[in-house]
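For reference, the structure is listed below as structure tokens.
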Amino acid sequence: MAALAVALLEARGDTIWIGTCSRRGSEGIYAARFDPSSGALTDVRPVAPATNPSFLALHPTRPVLYAVHEIGRHQGHPTGAFAAYRCDPPSGRLEPLGVQSSEGPVPCHLAADPLGRAVVVANYVDGSVVVFPLDADGRLGPPAQRFQHEGRGLHERRQTGPHAHGVTPDPLGRFVWVPDLGIDRVVAYRWIETPEGPRLERCPDGDGVAPAGSGPRHFLLHPGGRRAWSVNELTSSVTAFARDNGRLVPLATVGALPADFAGANTAAEIALHPNGRVLYTSNRGHDSIAWFRLRDDGVPELAGHAPTGGRTPRHFAVASAGRFLLAANQETDNIVVLELDPVTGEPGAPVGEARVPVPVCILFSPLAP
């Protein structure tokens, strides 16, 4: 009977995991079934109780899922935490493997090294970056390194100090970039071999500088490796970079809002269509997905907007075949599936929706096509 149940779940679609904030009845991390042929979202259910598991990531080769706990105190100390889970992609089940202090308050993002060496965590409040080694099974070891960003920006309230907001490894496992909202910089690190094992080191020549007061939030590298982009939270914009001998050279910054929009807005997430020619960002306030056509040099040109069917799309994910985009609307407790033109990447009408309390991250199973 158990094998039959798993087979039925697999037939109904692919697993997605959903990170949430602990409000309005949220029970932690959720799983759901996503049908890649129709865009339907079904079978939403909690699979791991947790406090503010706001961002999720997967091990590159092992069935292990990692989640930050976006909190300011853990076990009586002024720090956040993050957890590891053994995951079963066909069923969506999660088995706890342990919780660690994040060594800094309010961790907001993390990523596993593509070679399986470590998980790197960004702590928002103090602008620190912490490296946690992984064993061969993907379990967390004690912290091996901690980097402290320094500086401030122009914004009187949001940029009084550093605020590390993302972790982006390159696919070959050579570099890691950390966009820092507080200092208008995409901070570069590189992996080196030491007698104690692989370690990160600062690589200042590889930093990318965003416009003053823009607040880079998340960073995206083109699969070809020569182009990159930051989504800038405070100015609702995208900065395009070229990679030149390891340096990030800013090319242009383009707004993500309609010219006639006069309300309050912050940008949140950034993603690329699988065709490599269309870029997306989310607007919280305008409550839309902005989409951009990319010129040959990687500079985006704003092409249009699609409503997300809810308020405050903090995160979204593009289904890997490029037919759908799933938008997590934080303040309306819903995930809305938008159809994408598989050739042009243009967003269309909603084709699916699921109710989830305070959704803030969507993670596809590694088994998804």
Check: What residue, of GLU339, GLU301, is surrounded by 17 or more Cβ atoms within 10 Å (Cβ to Cβ), of a type in the set (D, E, K, R) and more than 20 Å from the chain's Cα centre (by Cα)?
Finding: GLU339
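Take segment 146-182 and flag every residue that is among the hydroxyl-bearing types (Ser, Thr, Tyr) and touching a Leu at 6+ places or on another chain (Cβ under 7 Å).
The answer is THR168, and nothing else.
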Next item on the list: Please state which of the following conditions GLY213 fails to meet, knowing it meets all the rest: (1) touching a residue at least 60 places away in the same chain (Cβ under 8 Å); (2) in contact with a Lys or Arg (Cβ under 8 Å, 6 or more places away or on another chain).
Entry: (2)
Check: How do the pairs read when you match residues in segment 323-334 that are in contact (Cβ under 8 Å) with a residue 40 or more places away in the chain and of a type in the set (Phe, Trp, Tyr) with residues anywhere that are part of a loop (DSSP other than H, G, I, E, B) and surrounded by fewer than 23 Cβ atoms within 10 Å (Cβ to Cβ), using Cβ under 7 Å and keeping only pairs 6 or more apart or on different chains?
Finding: PHE324/GLY39
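Table: residues versus (1) under 19 Å from PRO216 (Cα atoms); (2) in a strand (DSSP E or B).
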site: PHE241; (1), (2): yes, yes
site: VAL249; (1), (2): yes, yes
site: ALA252; (1), (2): yes, yes
site: PRO274; (1), (2): no, no
site: SER282; (1), (2): yes, yes
site: ARG293; (1), (2): no, yes
site: GLY310; (1), (2): no, no
site: LEU325; (1), (2): no, yes
site: ALA328; (1), (2): no, yes
Notebook entry, point to check: Going through segment 320-351 one residue at a time, which ones are among the hydrophobic types (A, V, I, L, M, F, W, C) and closer than 20 Å to ARG45 by Cα?
Noted result: LEU326, ALA327, ALA328, ILE335, VAL336, VAL337
Next item on the list: Those residues that are in contact with a Phe, Trp or Tyr (Cβ under 7 Å, 6 or more places away or on another chain) and charged (D, E, K, R), I need them from segment 47-96; list them, please.
Entry: GLU95
Next item on the list: Look through segment 318-336, keep the residues that are small (Gly, Ala, Ser) and crowded, with 20+ Cβ neighbours inside 10 Å, and return whichever of them is modelled with the lowest pLDDT.
Entry: ALA319
Notebook entry, point to check: Wholly within segment 154-238, which strands (runs of 3 or more DSSP E) include no fewer than the required count, namely at least 3 residues that are at pLDDT 95 or above, buried (at least 18 other Cβ atoms within 10 Å of the Cβ) and among the charged types (D, E, K, R)?
Noted result: none
Checklist line | Which listed residue, of LEU220, LEU251, LEU172, is more than 21 Å from ALA57 (Cα to Cα) and touching a residue at least 40 places away in the same chain (Cβ under 8 Å) | finding: LEU251
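Scanning for something of a type in the set (D, E, K, R), in contact with an Asp or Glu (Cβ under 8 Å, 6 or more places away or on another chain) and within 22 Å of PHE55 (Cα to Cα), does segment 349-364 turn up at least one residue? Quick ask: steps written out before the conclusion?
Within segment 349-364, the subset of a type in the set (D, E, K, R) is 353, 355.
Keeping just the survivors that are in contact with an Asp or Glu (Cβ under 8 Å, 6 or more places away or on another chain) gives 355.
Keeping just the survivors that are within 22 Å of PHE55 (Cα to Cα) gives 355.
Looking for residues that are of a type in the set (D, E, K, R), in contact with an Asp or Glu (Cβ under 8 Å, 6 or more places away or on another chain) and within 22 Å of PHE55 (Cα to Cα), one finds at least one in segment 349-364, hence yes.
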Item checked: Those residues of segment 54-77 which are touching a Cys at 6+ places or on another chain (Cβ under 6 Å) and more than 19 Å from VAL358 (Cα to Cα), in sequence order -> PRO63, LEU65
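In the set LEU326, LEU338, which member is under 16 Å from SER37 (Cα atoms) and touching a Pro at 6+ places or on another chain (Cβ under 7 Å)?
Result: LEU338 is the single residue among LEU326, LEU338 that is under 16 Å from SER37 (Cα atoms) and touching a Pro at 6+ places or on another chain (Cβ under 7 Å).
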Next item on the list: Would you mind listing the strands (runs of 3 or more DSSP E) fully within segment 53-150 where at least 2 residues are crowded, with 17+ Cβ neighbours inside 10 Å and aromatic (Phe, Trp, Tyr)?
Entry: 81-88
Next item on the list: Name the one entry in GLY276, GLY285, GLY255 that is under 16 Å from VAL318 (Cα atoms), surrounded by fewer than 19 Cβ atoms within 10 Å (Cβ to Cβ) and of a type outside the set (A, V, I, L, M, F, W, C).
Entry: GLY276
Next item on the list: Scan segment 43-51 and give yes if some residue there is out of contact with any Gly (no Cβ under 6 Å at 6 or more places or on another chain), more than 23 Å from ARG139 (Cβ to Cβ), among the acidic types (Asp, Glu) and free of Cβ contacts under 8 Å to residues at least 60 places away in the same chain, otherwise no.
Entry: yes
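The values are calculated or read from the model by the stated rules, or taken from the named source; none is laboratory data. Remember, predicted model here, so these are calculated numbers, not experimental data. Glycine gets a Cβ as well: all are built from the backbone with ideal geometry, and neighbour counts include every protein chain shown.
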